[in-house]
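Asks: Following this message is one structure expressed as structure tokens.
All of the numbers you see were taken from the coordinates with simple rules; none came from a lab. Every value quoted in this text rests on a predicted model; they were computed, and no experiment measured them. Cβ placement follows ideal geometry from the backbone for every residue including glycine, while neighbour counts extend to all protein chains displayed.
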Amino acid sequence: MPRNKRFSASRYGPTERHMAESLVEIERQMLAGAPDKEDCECKEGMFNGLTRRNMLAGGIALGGAAFTAGQATADAPPGAFEHRVQPDPTKEQGRTILDDGGYGSRSQFENEVRWRYPTASLDSSWSMTPLASGHGVITPSGLHFERHHAGIPAIDPKTHELILHGMVDEPMRFTMDDIKRLPAVSRICFIECSGNGLTEWDEPTLKTVQGTHGLTSTSEWTGVRLSTLLEMVGLSDGAAWILAEGADAAVLTRSVPIDKAMDDAIVAYAQNGEALRAEQGYPLRLLLPGYEGNTHIKWLRRLEVSDKPFMTREETSKYTDLMPDGMARQFSLEMEAKSVITFPSGAMKLPRPGFYEITGLAWSGRGKVTKVEVSTDGGATWREAALDGPVLPKCHTRFRIPWTWTGEEAVLQSRTVDETGYVQPTLPELVDVRGLNSVYHLNAIQSWHIAQDGEVTNVHA
Amino acid sequence: MFTRKLSLLCTLAMAATGPGIAQENSSESEPPRTVAELPERIGEYDERAPMQPPASSAQSVGDINPDNLEFGVGQPATDEQIARIDIDAMPDGRGLPPGQGTYAEGEEVYSQTCAACHGADLEGNKDIGAPKLIGGRGTLTDAKPVKTVESYWPYASTLFDYVHRAMPMNAPGSLSADEVYAVSAYVLGRADIISDDPDTTLDADTLAKVKMPNADGFVSDPRPDVGATK
């Protein structure tokens with residue numbers, strides 16, 4: 001029986017199926033009498049009462065009640081399995097190694113998840129990173145924001161290939177194996193959707209920092225420099241733009257200036273030390289550090305070099321910024337400097353006056369963050385925050401500053417400066433120039449109001 | 001062991017023929033794989049087998065000179081292989097495929113494949129996220145601008161390209177070039193951008209000549225446009 005038929009998709013999620021398969025595999029190895037170097041007690045309780053028969057009988061939450069050997073209780077959060085909580089973990093052995101099948105899971109007591117903005121279509125939608133609970137600058141791969149225009153394709157890397165053609169000396173195609181044979185590079189950088197904050201132009205709309213700023217995430221990305229591939233195929237005279245095309249049902253396309261492609265663009269196959277997640281473009285995506293997220297084409301299958309931009313749907317009817325005079329800005333590709341306080345932030349409630357470390361993220365698509373200032377009085381006075389190092393260009397940068405809340409009303413703001421000298425603007429400054437219909441590229445200072453009862457709300461201040 | 005041999009064979013087949021052909025061959029004997037197997041156990045301590053070094057698809061390795069970006073990796077793409085996925089169309093008409101379609105034919109295509117989402121009068125349906133396609137001219141400076149193909153899209157080639165590659169939602173990329181020319185003629189005719197005479201015909205030549213109302217409505221990025229610099 002094919003392995004994928006054993007645990008049907010209708011009954012089990014992929015995580016549960018994977019785990020169950022792994023357990024069956026472990027059990028099979030044991031029953032087959034796989035040679036043991038030592039007969040050790042640790043095998044006892046390997047399955048914590050979970051037998052293959054239990055699993056095949058179905059009807060129980062595999063990641064959940066199975067381990068308690070009791071009655072079904074609430075499901076564990078995504079990415080976690082529910083294990084029996086020991087009354088005193090110092091007085092009995094813990095669960096055994098590899099009972100997750102060899103690919104770890106998070107604690108059953110951690111529950112952060114991406115949240116989907118309620119677009120009308122599930123196929124074309126976006127989900128947002130829970131920035132409020134994040135630490136440091138790396139976004140866990142499973143919490144990286146998503147934007148899909150036609151769902152998430154499942155692509156076998158053995159059949160995927162990338163073709164480079166157009167104004168080149170020799171068109172070439174590369175299998176995934178080919179690409180992994182070439183000299184690689186890793187870098188940590190953010191990707192931000194230029195629609196991040198689009199609900200916030202006119203009035204404070206979403207309540208949490210996940211809602212207002214959750215379309216930005218940072219990962220370590222690994223792949224081949226696009227310049228390597230372009231030099232292998234050889235650019236013709238007059239080459240000025242490259243069309244990048246995905247293999248999803250939107251066959252999503254964006255035009256990229258050749259200078260960017262030759263500068264720091266990466267054709268990436270790995271994220272945070274492992275293969276890309278499917279929703280991040282597995283097996284291959286384009287990475288354009290500092291550019292708006294839509295240009296980082298996922299499921300990359302084709303790169304066509306040309307003398308002109310291709311004027312695709314995404315770069316004409318969408319991702320253009322309509323100004324008050326009726327003209328729209330096009331190819332506004334760089335993400336300008338931006339920062340936000342992630343703690344405390346919207347919909348939290350400070351339990352009592354006292355010490356709090358204000359912390360948040362700052363980033364710039366034009367280079368390094370050089371400074372972050374924080375105000376607790378709505379911008380009247382500013383103090384400089386400490387930046388966690390190393391500060392990387394085009395990368396989330398963590399800032400921190402101590403604060404004692406006296407119990408009085410306060411408005412918290414952060415303001416960043418990048419290495420070009422650009423200062424993050426206020427919302428009125430942006431709106432003065434761009435009006436209220438440009439949709440994209442809102443990088444204004446965010447304000448969080450602290451009420452006397454400690455409640456934190458999203459305000460325009 | 002069987003699995004490992006199989007993957008080795010696949011790798012060799014791919015190296016020899018390229019992944020497209022390897023896939024076709026394997027589909028005759030067995031269904032395409034849907035998941036990866038767990039790494040095989042090897043050796044007396046049951047270690048898991050590591051990843052195998054990826055194999056280059058290059059037919060011949062040739063001279064290796066990394067300093068000159070010669071790695072013996074990858075292979076030439078033939079015109080046929082490129083043509084299979086080279087579907088983009090540019091504003092000047094480059095990339096538009098042969099074929100043609102009339103407004104009347106487009107009305108038929110529209111009613112059968114588009115109207116269910118975009119509405120009988122191209123008015124769109126917000127409940128399912130299908131945008132309004134026509135109208136909105138002169139609203140781009142309003143408090144609530146109406147951005148449609150008619151009022152906002154700068155090039156007719158974009159309409160062709162997008163419909164051809166990604167529409168309809170329930171069967172993306174299923175329309176023939178003739179059908180896309182036809183439905184483009186219908187949408188542009190309904191938008192009063194070209195004639196709505198039933199015989200109005202679009203092909204690669206005429207589509208590239210269509211002047212869209214908002215063709216001159218775009219400027220390049222002037223940022224940084226806001227804020228002091230320190």
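Asks: Given H placed on each backbone N at 1.01 Å, which residues far from B:Phe218 in sequence or on other chains put an amide H within less than 5 Å of it?
Replies: A:Ala328
Asks: Along the Cα→Cβ direction, 7 angstrom out, place labels at B:Glu30 and B:Ser220. What is the inter-label distance in nm?
Replies: Distance between label points: 5.5 nm.
Asks: Could you give the nm distance between label points at A:Ser133 and B:Asp127, where each point is 7 Å from its Cα heading toward the beta carbon?
Replies: Output for this residue pair reads 3.5 nm.
Asks: Same structure, new question: Give the residues of region B:72-104 whose amide nitrogen is closer than 14 Å to a point set 7 Å from the Cα of B:Ser195 in the direction of its Cβ.
Replies: Label zone hits: B:102-104.
Asks: Right, here's the next one. Order by neighbour count: A:Phe109, A:Phe145, fewest other Cβ atoms within 10 Å first, most last. Don't skip to the end; give the middle numbers.
Replies: Numbers: A:Phe109 9, A:Phe145 26.
Going from sparsest to densest Cβ surroundings: A:Phe109, A:Phe145.
Asks: Convert each backbone phi in region A:207-223 into a coupling constant with the Karplus relation 6.51 cos²θ - 1.76 cosθ + 1.60 (shift: θ = phi - 60°), then list the ³J(HN,Hα) values in order as whole Hz, x for Gly and Pro.
Replies: Rounded to whole hertz, the list is 8, 10, 5, 5, x, 7, 9, x, 9, 9, 8, 10, 9, 8, 10, 10, x.
Asks: Against the longest principal axis of chain B, how steep is helix B:177-190, in degrees 0 to 90 to the nearest 10, with axes from Cα atoms?
Replies: Computed tilt is about 30 degrees.
Asks: Now for a separate question. For region A:194-204, what does the Karplus curve 6.51 cos²θ - 1.76 cosθ + 1.60, with θ = phi - 60°, yield as ³J(HN,Hα) per residue in whole Hz, taken in order and with x for Gly and Pro?
Replies: These are the phi-based 3J(HN,Hα) values: 5, x, 4, x, 4, 7, 9, 4, 8, 7, x Hz.
Asks: May I ask you to derive the FRET efficiency for B:Val146 and B:Ala116 from their Cβ-Cβ distance with R0 = 25 Å, giving the value to the nearest 0.05?
Replies: Using R0 = 25 Å, I get an efficiency of 0.70.
Asks: Which far-off residues, 5 or more places away or on another chain, put their amide H under 5 Å from the one on A:Ile358, with H placed in the peptide plane?
Replies: Result for A:Ile358 returns A:Ile401, A:Trp403.
Asks: Just the number: Rg to Rh for region A:119-329, Cα atoms, Kirkwood Rh, two decimals. All intermediate terms of the calculation are to be shown ahead of the outcome.
Replies: On the way: Rg = 17.2 Å, Rh = 17.8 Å.
A ratio of 0.97.
Asks: Take A:Asp156 and A:Thr404, extend 7 Å from each Cα along the Cα→Cβ direction, and tell me the distance between the two endpoints in nm.
Replies: 6.6 nm
Asks: Return the sequence-ordered ³J(HN,Hα) values of region A:84-97 in whole Hz as given by the Karplus equation 6.51 cos²θ - 1.76 cosθ + 1.60 applied to θ = phi - 60°, using x for Gly and Pro.
Replies: 4, 7, 7, x, 9, x, 8, 10, 8, 5, x, 5, 8, 4
Asks: Let's test the formula: R0 of 35 Å, r as the Cβ-Cβ distance of A:Lys207 and A:Ser186. What FRET efficiency results, to the nearest 0.05?
Replies: 0.45
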